[in-house]
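K.L.:
Quick one: this structure, given as C-alpha cells, is what I'll be asking you about.
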Amino acid sequence: MARLISIVIGAGFVFVLALALFFTAKEAIQNPTPETAEHEFHVDPRDADLPSNSIFGKFDKAQLQRGLKVYQEVCAACHSLKYVSFRNLTQLGYSEGQVKALAAAWPVEQPSSNPETGEAMTRKNVPSDRFPSPYLNEIAGRAANNNALPPDLSLMVKAREDGANYIYSLLNGYKEQEGYKNEHGEELLKKFPGARTPEGLYFNPTFPNLNIAMPPPISSDGQVTYDDGTKATRDQMAKDVAAFLVWTAEPNLESRHAAGLGALGFIIIFIFLTIGAYRNVWRNVKH
C-alpha cells in the first residue's frame with residue numbers, strides 16, 4: 001500500500017512538472033520576449049592584446065608608466081584609486097626619489113586637519129599615502145557629475161567581465177547614435193525610435209544599456225604627451241590605461257603566474273617520479 005501511494009505521489013509530481021513546462025513553452029511561443037535595443041546593438045569588448053592577458057603574461061613597465069600618465073592627466077579628475085599607494089609605483093620601475101616627487105606634485109592633495117584648531121585643510125602627498133579622491137565625499141562626487149558617482153578604478157578590471165578588454169573597448173566605444181547600425185546593417189533609431197540617448201548621457205554600444213553618464217574621457221589623439229616618445233593615439237592611450245588598471249587590480253600577477261608555472265612543473269615531475277617508483281616496486285611482481 002505504501003508503495004502504491006509513493007507511485008501515485010511521484011506520478012502526480014511528474015504530471016505537475018510536465019504541465020508547468022507545457023504552459024511555459026506555450027507562453028514563450030505565443031508571446032516571445034520583445035527585441036530590445038540593448039540586445040540588438042550592444043557589442044562585445046575587443047581584444048586589447050595586452051602582454052598580461054595570457055597565462056604566461058607579464059607587465060610591460062613602459063606601458064604601465066604610460067598608463068599612469070593617462071590616469072593622472074585624464075582619469076584622476078573624476079575617478080579615485082583608493083587601494084593603491086604612491087610607494088607601490090616602484091613596481092613600475094620608478095625610483096624612490098621619483099615616487100616622492102610624483103606624490104608631492106600630484107594635482108589632488110591629501111585631506112588633513114590643523115592639529116591646533118581642527119580645521120579641515122590639505123597637505124602634499126607622500127609615498128605612503130594612497131591616491132587621493134578628487135572629491136571630498138560621495139555627495140560632492142555626485143553633485144559634480146549629474147548625480148552619477150564616478151566609480152573607484154582600483155579593482156575595476158576585476159569588477160567587470162573581461163575587465164581589461166572591456167575598459168579598452170569602452171574608452172574607444174563612443175559613437176554617433178544617428179546612423180549607427182548593428183552587424184545586420186539595421187539602424188538603431190529606425191528600428192527602435194524610442195531608444196534615443198537621453199540628454200546628459202552618451203551613446204556607447206560597449207556599455208550594457210548603450211547609454212553612459214561619463215563623457216568621452218579620451219576624445220582626441222595627443223591628449224597626453226608620453227615621456228618615452230610613443231605616439232599618443234586614442235587607441236594607444238586606451239590600451240595603456242587599461243594595462244595600468246590591470247596592474248592596480250592585480251599587482252602580483254607576474255609572481256602568481258610564475259608560482260603557477262612552478263607548481264605545474266613540480267606536479268609533472270612528481271607524476272614521472274611516481275610512475276618510476278611504481279614500476280620499480282612492482283617490477284618483479286607477475287600479474
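K.L.:
Pairs under 6 Å by beta carbon, first residue more than 20 Å from Pro45 (Cβ to Cβ) in the range 193-222, partner modelled with pLDDT of 95 or more and aliphatic (A, V, I, L, M), six or more apart or different chains?
P.N.:
Qualifying pairs under 6 Å: Gly222/Ala232.
K.L.:
Now for a different question. Looking only at residues in the range 101-126 that are of a type in the set (S, T, N, Q) and surrounded by 13 or more Cβ atoms within 10 Å (Cβ to Cβ), which one is nearest to Lys69 (Cα to Cα)?
P.N.:
Applying the filter and picking the extreme gives Asn125.
K.L.:
Here are some residues: Ala164, Ala232. Which one is closer than 28 Å to Ser85 by Cα and not in a loop (DSSP other than H, G, I, E, B)?
P.N.:
Details: Ala232 fails: not in a loop (DSSP other than H, G, I, E, B).
Answer to the selection: Ala164.
K.L.:
Next question. Is at least one residue of the range 139-147 within 14 Å of Thr248 (Cα to Cα) and either at pLDDT 95 or above or part of a loop (DSSP other than H, G, I, E, B) (or both)?
P.N.:
There is no residue in the range 139-147 that is within 14 Å of Thr248 (Cα to Cα) and either at pLDDT 95 or above or part of a loop (DSSP other than H, G, I, E, B) (or both).
K.L.:
Continuing with this model, one more query. When the range 223-236 is examined, which residues are found to be modelled with pLDDT of 95 or more and either among the small types (Gly, Ala, Ser) or under 16 Å from the mean Cα position of the chain (by Cα) (or both)?
P.N.:
The answer is Ala232, and nothing else.
K.L.:
For the range 140-162, check the following and say yes or no: at least one residue is at positive phi and of a type in the set (D, E, K, R).
P.N.:
yes
K.L.:
Can you tell me how many residues within the range 154-192 are more than 20 Å from the chain's Cα centre (by Cα) and either without any contact (Cβ under 8 Å) to a residue 40 or more places away in the chain or surrounded by 14 or more Cβ atoms within 10 Å (Cβ to Cβ) (or both)?
P.N.:
17
K.L.:
Just checking, does the range 34-42 include any residue being more than 30 Å from Glu187 (Cα to Cα), at pLDDT below 90 and not in a helix (DSSP H, G or I)?
P.N.:
No - not one qualifying residue is present in the range 34-42.
K.L.:
Taking Asp129, is it farther than 20 Å from Asp44 by Cβ and either touching a residue at least 12 places away in the same chain (Cβ under 8 Å) or surrounded by fewer than 16 Cβ atoms within 10 Å (Cβ to Cβ) (or both)?
P.N.:
It is true that Asp129 is farther than 20 Å from Asp44 by Cβ and either touching a residue at least 12 places away in the same chain (Cβ under 8 Å) or surrounded by fewer than 16 Cβ atoms within 10 Å (Cβ to Cβ) (or both).
K.L.:
Can you find a residue in the range 267-275 that is closer than 27 Å to Asn53 by Cβ and modelled with pLDDT under 95?
P.N.:
yes
K.L.:
Out of all the residues in the range 73-85, which are surrounded by fewer than 20 Cβ atoms within 10 Å (Cβ to Cβ) and not hydrophobic (A, V, I, L, M, F, W, C)?
P.N.:
Those that are surrounded by fewer than 20 Cβ atoms within 10 Å (Cβ to Cβ) and not hydrophobic (A, V, I, L, M, F, W, C): Glu73, Lys82, Tyr83, Ser85.
K.L.:
Taking Gly118 as the residue in question, decide whether it is part of a loop (DSSP other than H, G, I, E, B), over 30 Å from Ala213 (Cβ atoms) and free of Cβ contacts under 8 Å to residues at least 12 places away in the same chain.
P.N.:
Answer is yes for this residue.
K.L.:
Moving on. Looking at (1) at pLDDT 95 or above; (2) of a type in the set (S, T, N, Q); (3) not in a helix (DSSP H, G or I), which one does Ser169 not meet, given that it meets all the others?
P.N.:
(3)
K.L.:
Whether any residue in the range 250-271 is over 23 Å from the mean Cα position of the chain (by Cα), touching a residue at least 24 places away in the same chain (Cβ under 8 Å) and surrounded by fewer than 18 Cβ atoms within 10 Å (Cβ to Cβ) is what I want to check.
P.N.:
The answer is yes, given that some residue of the range 250-271 is over 23 Å from the mean Cα position of the chain (by Cα), touching a residue at least 24 places away in the same chain (Cβ under 8 Å) and surrounded by fewer than 18 Cβ atoms within 10 Å (Cβ to Cβ).
The values are calculated or read from the model by the stated rules, or taken from the named source; none is laboratory data. Because the structure is a prediction, the values reported are computed rather than measured. Cβ coordinates were reconstructed from backbone atoms using ideal geometry, including for glycine residues, and neighbour counts include every protein chain displayed.
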